[in-house]
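Presented below is the structure to which this report refers.
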Protein chains: 4
Amino acid sequence: MKLRGIVSYPITPFAGGRVDEVLLGRLVEDMVGAGVHAIAPLGSTGVLPYLSDEEREQVAEVVVKRVAGRVPTLVGVSSLTTEQTVRHAKYAEKVGASAVMIIPMSYWKLGDAEILGHFDAVAKAISIPIAVYNNPATGGLDLSPDILSRLLRIPNVTMVKESTGDVNRMHRLVQLCGEDVAFYNGSNPLALAAFVAGASGWCTAAPHVIPRLNVELYEAIERGELAAARRSFYRQLPFLQFIVAHGLPRAISAALELMGTQVGPLRAPLQPLGPERVAELRQILVDLAILPAA
Amino acid sequence: MKLRGIVSYPITPFAGGRVDEVLLGRLVEDMVGAGVHAIAPLGSTGVLPYLSDEEREQVAEVVVKRVAGRVPTLVGVSSLTTEQTVRHAKYAEKVGASAVMIIPMSYWKLGDAEILGHFDAVAKAISIPIAVYNNPATGGLDLSPDILSRLLRIPNVTMVKESTGDVNRMHRLVQLCGEDVAFYNGSNPLALAAFVAGASGWCTAAPHVIPRLNVELYEAIERGELAAARRSFYRQLPFLQFIVAHGLPRAISAALELMGTQVGPLRAPLQPLGPERVAELRQILVDLAILPAA
Amino acid sequence: MKLRGIVSYPITPFAGGRVDEVLLGRLVEDMVGAGVHAIAPLGSTGVLPYLSDEEREQVAEVVVKRVAGRVPTLVGVSSLTTEQTVRHAKYAEKVGASAVMIIPMSYWKLGDAEILGHFDAVAKAISIPIAVYNNPATGGLDLSPDILSRLLRIPNVTMVKESTGDVNRMHRLVQLCGEDVAFYNGSNPLALAAFVAGASGWCTAAPHVIPRLNVELYEAIERGELAAARRSFYRQLPFLQFIVAHGLPRAISAALELMGTQVGPLRAPLQPLGPERVAELRQILVDLAILPAA
Amino acid sequence: MKLRGIVSYPITPFAGGRVDEVLLGRLVEDMVGAGVHAIAPLGSTGVLPYLSDEEREQVAEVVVKRVAGRVPTLVGVSSLTTEQTVRHAKYAEKVGASAVMIIPMSYWKLGDAEILGHFDAVAKAISIPIAVYNNPATGGLDLSPDILSRLLRIPNVTMVKESTGDVNRMHRLVQLCGEDVAFYNGSNPLALAAFVAGASGWCTAAPHVIPRLNVELYEAIERGELAAARRSFYRQLPFLQFIVAHGLPRAISAALELMGTQVGPLRAPLQPLGPERVAELRQILVDLAILPAA
């Protein structure tokens, strides 16, 4: 699997306290239709850690079946324990995921041997590729470029998603692993800098709202059109900053509601954005011509 | 419930992949016998987040029954979702816990309204007291003295456990809530400073190994014997620093094994301390006359 | 020199752009008269880094002469270059200072060898004791307990002033250097915790305003009266928090002005506290019965 | 003055404890000859804060005269006090500097009004443009994009040098001030990301060693050749990382010595790189074909 471009993260919509399978399918369909290059269910945006084991399996299956091989699927399978991570990784493989993505969630901070042991155990249990996901702001554990480079030596650990928002981490990864290292940027406001540093892709929930702008930025970079890439980036930046500042599930849900799609309540303790934030978001969407001016 | 003194945190021992109920009972018995003032199962030390729902219920029941009212029990019931937290809080109340303890675990950082809503929902569901637990290093969310003081206005939220290790947080809590505020220190190396600042208790896993030293420090403070308290504190400090530096479940398990009690493997991805660390710990226990010199 | 107790830091008053020698003498006299145990001119409070070389010599001389041996004097001699630090240390010795205090100010962060070389050069140039001052918030360089313990092996480096506000640093210093290590706390809100941890003294500008409360806290600790010490501490804490939050020269100057002493303008770019802050300070002084209620 | 490209920072060479004017002139000549776009004496690299007032005037005059208008000169005039900053700014203007650069050095952290007052006072005293320099790692004060945008409203404050190493700061500056804002990147490893984000220039001491690579990167960006820019960047990155990690004056001096130019001792407490670091640097220079393989 050679994955490049926009890796799109669906939210998990709810109805009556359960996953809304129909809407989830439609949201994924919209993304694929808009030209994104991969679909990644059960990420932070999809509130993975807030779902039960059964819901996680349900989401994995619904999304992989709906995508039906048109683009690769990267299914999030992270759990606090190694045993549960292996369980979900096997399930993802069984339902046909192209790859799994794992953030080493921590309560107790993990040492290097513990991190390596965790990934090694999952890698031995499945045959599909694994993407290591580094996001200390949510997962609570920071994987240095050095430990990432060691994880990439595990045969089917082939990708890194970096969400620290520090482009220097990406530079060091390239220096440690060579310019062909498959790393993906998960920090939305770093989209331009990361592509320029050599990122293979951009992991983002933004395609729920601005898929064409996301793809446009990637394509400008691919064509080497720096001025066009910069223009596209600054155009979408206020939206990217907003969704990062206010939490992806909250912000994307609010945007979808403003655009007319009812995605159901967030799972408590998460609450929807307050009215001031929603007004701010509405203006950003007006500026992007996604919503009409009031 | 007026709780003061040493609040003791048992590890969760395993055997054959399951909770070792017999050993858990014995460990709790040892603590009660040594004079600690409360027992708090299902804390960070007890690897709460790594247990299944069933295991959590099992541990709560075993410990509360074993303590049998001789000292208060504070049962950890934290979960990422409000719904699961309520479920475990109700179970703790049902089996007879004196109080529950809740750390607002976070994946997505919570805003003030979300934190308040979370505790409010649990408080409405049970009748026993609630202790709010602040530990950003494990839970990923930092509760300011201000939000703690607001949580204490919820009727049955009556206690705060502070584990940031910053004595200034405790000063501010006293300033905001009055000198009778029931706050407990969860940062082992801050034990002396916290008692002096007015802490009602010290939440610690150290009584697995040095219960008499822990109680001695508290009693010296209670008698206003500053020099004795300082002497006791510096005597136990190397052990306290060690267990904090290397993770409570790993360090306490290693100490118990050195002292002859087999507590079973840690739950992966957690791994036992390496041999160098164990040698360092052995020397600390020798210096404390807990182990004989080699 | 065995120094214990309240080490008092005078501000540097100005009149017409020059050091106001008369007022400086009077402020020092007030402190000595109120019972403080040492005087430390040319500290952060005395805006040392904002003074010319000539002004620094002037302040050193005025203060040392005025104190006239009634209590020890610790003269700040810190400069960015070693050469200038040596120059000022020699001058302090010449005018009769009991000791000098040195914060290794940094623009470029210094390595261990550079720090040791800096103190070694000063130590060789003078015969009076040296106090090492650690305050990363102002000096820009953080001296670990380990490097502090190495500095204390230089023969006439005999004291440490710790202003990080982390009581754990003090614990480690005692562990590394023994319980007789002469360390002084420079973080005002940590006054109680530091004394309890074994600090020999408290370095503070507060005696400009509340000298008796400062001395009272120290004396309660000396008598081992924990409850009295805690009561005294919490009484003065709002004032201590205020002066730390708003910068010692700004806050102490404002307090002195409220109490009727005109200390002249701060040296630009420093500016006086705004009216809202002054009102807040006035209320604190009213609560302490230093000012009458409006 | 429309300044774009490579802004080159000379070290300050010493001989016999004094500024080596002849060598300083030659180093500047080398930079201009190699095609850099501006010369900036008395920066962090030039150890500005470690120089006496007289040495600062000497360096300013020597460099401006040597450049003789062939490229713009930006003279560093930062001091802790406003009065001294004004004095040096006036001197720089008098000797013919194109502009001055000011980092608001802090001992006591400055509030917004103090920062604005500081720059306002200097701006009123001179007629040439002012560049605001933000570098919390050396200056100790962090200027937010918001306060930078306010400083840019002072008529002759026309440029910003950003050295935080966070590309998001640059994005916000563009958002606040418009895409024509003249900002310059001072974080060497961020050279590529900053240019792509819209930086007008790159402030760097690297042209002492690799001027053609520095200019090559800028020119690739100017031509919109993204792949060439990336290649050039990764080629020079190990050198850039090294000089940042070990302090610009230490690292550049060591490189010049390895290349055969004796630049004299650093000013104490700064010390030269140790032999291991020098060996590491030598290998980097060998890899860049600047030194022959051993």
Test B:Glu29 against the stated conditions and say whether it is free of Cβ contacts under 8 Å to residues at least 24 places away in the same chain and either in a loop (DSSP other than H, G, I, E, B) or farther than 21 Å from B:Met159 by Cα (or both).
no
Within segment C:276-294, restricting attention to residues that are in a helix (DSSP H, G or I) and among the hydrophobic types (A, V, I, L, M, F, W, C), which residue is surrounded by the most Cβ atoms within 10 Å (Cβ to Cβ)?
C:Leu281
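Rundown of residues vs (1) farther than 18 Å from C:Leu237 by Cβ; (2) β-branched (Val, Ile, Thr), yes/no style:
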{"site": "B:Leu173", "(1), (2)": "no, no"}
{"site": "B:Gly178", "(1), (2)": "no, no"}
{"site": "B:Gly186", "(1), (2)": "yes, no"}
{"site": "B:Pro189", "(1), (2)": "yes, no"}
{"site": "B:Ala194", "(1), (2)": "no, no"}
{"site": "B:Val209", "(1), (2)": "yes, yes"}
{"site": "B:Arg223", "(1), (2)": "yes, no"}
{"site": "B:Phe233", "(1), (2)": "yes, no"}
Can you name the residue in segment C:155-174 that is within 18 Å of the chain's Cα centre (by Cα) and among the β-branched types (Val, Ile, Thr) and, of all such residues, is nearest to B:Ala197 (Cα to Cα)?
C:Val167
Select from segment C:57-90 the residues that are within 25 Å of D:Gly17 (Cα to Cα) and part of a loop (DSSP other than H, G, I, E, B) and write down the one among them that is farthest from the other protein chains (Cβ to nearest Cβ).
C:Val77
Got a sec? Which of C:Val132, C:Val75, C:Val67, C:Val95 is of a type in the set (Val, Ile, Thr) and open to solvent by 10 Å² or more (accessible area, probe 1.4 Å)?
C:Val95
Across segment A:18-34, what is the number of residues that are more than 15 Å from A:Leu256 (Cβ to Cβ) and either open to solvent by less than 30 Å² (accessible area, probe 1.4 Å) or at pLDDT below 95 (or both)?
2
Residue check, D:Ser163 of a type in the set (Gly, Ala, Ser) and closer than 30 Å to D:Arg231 by Cα:
yes
In the list B:Ile130, B:Ile115, which residue meets the criterion of being farther than 16 Å from B:Gly198 by Cα and more than 14 Å from chain A (Cβ to nearest Cβ)?
B:Ile130
Given (1) surrounded by 21 or more Cβ atoms within 10 Å (Cβ to Cβ); (2) within 14 Å of chain C (Cβ to nearest Cβ), where does B:Ala205 come up short, assuming only one miss?
(2)
I'm checking my understanding of the structure. Among residues of segment B:3-17 that are open to solvent by 20 Å² or more (accessible area, probe 1.4 Å) and in a loop (DSSP other than H, G, I, E, B), which one is nearest to B:Pro129 (Cα to Cα)?
B:Arg4
Criterion first (over 21 Å from the mean Cα position of the chain (by Cα), open to solvent by 10 Å² or more (accessible area, probe 1.4 Å) and not basic (Lys, Arg)) does A:Gly186 satisfy it?
no
Considering only segment C:246-272, how many residues are buried (at least 18 other Cβ atoms within 10 Å of the Cβ), assigned to a loop (DSSP other than H, G, I, E, B) and touching a residue at least 60 places away in the same chain (Cβ under 8 Å)?
5
Within segment B:98-122, the count of residues that are under 27 Å from B:Ser8 (Cβ atoms) and open to solvent by 10 Å² or more (accessible area, probe 1.4 Å) comes to 4
Looking at segment A:242-273, which of the residues that are among the small types (Gly, Ala, Ser) and within 19 Å of the chain's Cα centre (by Cα) is nearest to the other protein chains (Cβ to nearest Cβ)?
A:Gly247
Just one of (1) open to solvent by 30 Å² or more (accessible area, probe 1.4 Å); (2) in a loop (DSSP other than H, G, I, E, B); (3) not hydroxyl-bearing (Ser, Thr, Tyr) trips up B:Gly43, so point out which.
(1)
Residue list for segment C:214-243, filter: of a type in the set (A, V, I, L, M), more than 17 Å from C:Ala199 (Cβ to Cβ) and open to solvent by 10 Å² or more (accessible area, probe 1.4 Å):
C:Ala227, C:Ala228
Might you check whether a residue that is away from every other protein chain (no Cβ under 14 Å), open to solvent by 10 Å² or more (accessible area, probe 1.4 Å) and in contact (Cβ under 8 Å) with a residue 24 or more places away in the chain occurs anywhere in segment C:48-56?
no
Just checking, which of D:Leu173, D:Leu148, D:Leu143 is open to solvent by less than 20 Å² (accessible area, probe 1.4 Å) and either modelled with pLDDT under 95 or within 13 Å of chain A (Cβ to nearest Cβ) (or both)?
D:Leu173
From the list B:Phe239, B:Phe195, which one is within 27 Å of B:Arg277 (Cβ to Cβ), out of contact with any Gly (no Cβ under 8 Å at 6 or more places or on another chain) and within 14 Å of chain C (Cβ to nearest Cβ)?
B:Phe239
State whether the residues of segment B:163-170 include one that is farther than 30 Å from A:Asn135 by Cβ, within 14 Å of chain A (Cβ to nearest Cβ), at pLDDT 95 or above and open to solvent by 10 Å² or more (accessible area, probe 1.4 Å).
no
Can you name every residue in segment B:179-220 that is under 16 Å from C:Arg230 (Cα atoms) and free of Cβ contacts under 8 Å to residues at least 12 places away in the same chain?
B:Asp180
Pairs with Cβ under 8 Å, 6+ apart, first in segment B:221-232 and more than 9 Å from every other protein chain (Cβ to nearest Cβ), second of a type outside the set (A, V, I, L, M):
B:Ser232/B:Glu216
Provide a single number: the residues in segment C:46-56 that are part of a loop (DSSP other than H, G, I, E, B), under 17 Å from the mean Cα position of the chain (by Cα) and more than 17 Å from C:Ser98 (Cβ to Cβ).
2
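The values are calculated or read from the model by the stated rules, or taken from the named source; none is laboratory data. These numbers were taken from a predicted model, which means no experiment stands behind them. All Cβ positions, glycine included, derive from the backbone under ideal geometry; neighbour counts span all protein chains shown. Only protein heavy atoms, including side chains, enter the accessible area calculation; ligands, DNA and RNA are left aside. Shrake-Rupley method; radii C 1.70, N 1.55, O 1.52, S 1.80 Å.
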